[in-house]
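Any read-out appearing in this document is the output of simple, stated calculations on the displayed coordinates, not a laboratory observation. Quick caveat, the model's predicted, so the values are computed rather than measured. Reconstructed Cβ throughout: ideal geometry from the backbone, glycine too, with neighbour counts over all protein chains shown.
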Amino acid sequence: MAPGRAPPGRVVQHCLSSHGPPGYTNDGPGPPILSGPPGPSSVKVLVIEDEKKIASLIRKGLEAQGFVVDVCGHGDDGYTLATTRPYDAAVLDIMLPGRDGLSILRNLRSRKIPLPVVLLTARSELNERLEGLNLGADDYLTKPFFIEELIARLHAVTRRASGVGQSILTVADLTLNLLTREVKRGEAVIELTPREFALLEHLMRSPGRVLTRVQICEQVWSYDFDPGTNLVEVYIQRLRKKVDADAPVKLIETIRGVGYRIKPPA
Ligand code: CA
């Protein structure tokens, strides 16, 4: 088992995001790895919410904006996911079966896990909301809310967490603008699909760091990908054609038997 991955079993049973009972399901056919949400960001969000209708609306809304979303309807399993898998933010309901939202938050913070958290609260839960903010929630929304509002809060808390609105990633003469979505090699503009953009963004966020296929899949696709797939290889090849083919210096490197990285600054 790769480090950082939860043991198979309960979590997966309760929280499978796209296939398999009894977790919430995607309404679309096929696993998310194939349905590939388009959009402006590869921010990965864990949604811990037991009301299926709300959870499903959140998933659809976020995926339409390019977020990668895992949904979990049980507090204990949500906590396990939050502590064992890489997320950029969590949307956390307060009343949950198993561990409640506030106790999840309390445990995350006491373990010094800095995952940005947006709490979902009912109008009647004023005390819980205050307690949540005291415990270290980054923001909250009162139900019912507009999905656009949640998206704005998530962008705000993840920007804060990633250290201040760095909107342009640069490696050598390759630049990726997170706001305008423009990618350039020197002065040449490179057209990427949303998924290619997400993969390149992920590589460029840590130049020099080798990312395994599993890590890439977890960040750029949902966690329940098929480990037998060669999707990562396929996308790396596509990126190479677009980013490196015409350039004298190749930036995307294969580390044999390990994974991929983008060349560190010289
Ligand atoms: Ca609830």
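Numbers at a glance
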{"item": "Once the Cα gyration tensor of the range 94-235 is diagonalised, semi-axes √(5λ) in Å", "result": "34, 19, 15"}
{"item": "Relative intensity, log₁₀ I(q)/I(0), of the range 69-172 from a Debye sum that treats every alpha carbon as a point, q = 0.13, 0.15, 0.18, 0.21 Å⁻¹", "result": "-0.46, -0.61, -0.86, -1.15"}
{"item": "When each of Lys60/Lys112; Lys44/Lys263; Lys60/Lys143; Lys184/Lys242; Lys44/Lys250 is checked by Cα-Cα distance, pairs over 19 Å", "result": "Lys60/Lys112; Lys44/Lys263; Lys44/Lys250"}
{"item": "Distance (nanometres) between label positions extended 7 Å along Cα→Cβ at Lys112 and Lys143", "result": "3.5 nm"}
{"item": "Fewest-first sequence of Glu149, Glu49, Glu196 by Cβ atoms within 10 Å of each Cβ", "result": "Glu149, Glu196, Glu49"}
{"item": "Rounded D (µm²/s) - the range 172-262, Kirkwood Rh over Cα pairs, Stokes-Einstein at 37 °C, 0.692 mPa s", "result": "244 µm²/s"}
{"item": "Peptide ranges 65-73, 236-244, 183-191 listed from the most packed, as the mean C-beta count within 10 angstrom indicates", "result": "65-73, 236-244, 183-191"}
{"item": "Cβ-based exposure ranking for Leu178, Leu105, in which fewest neighbours within 10 Å come first", "result": "Leu178, Leu105"}
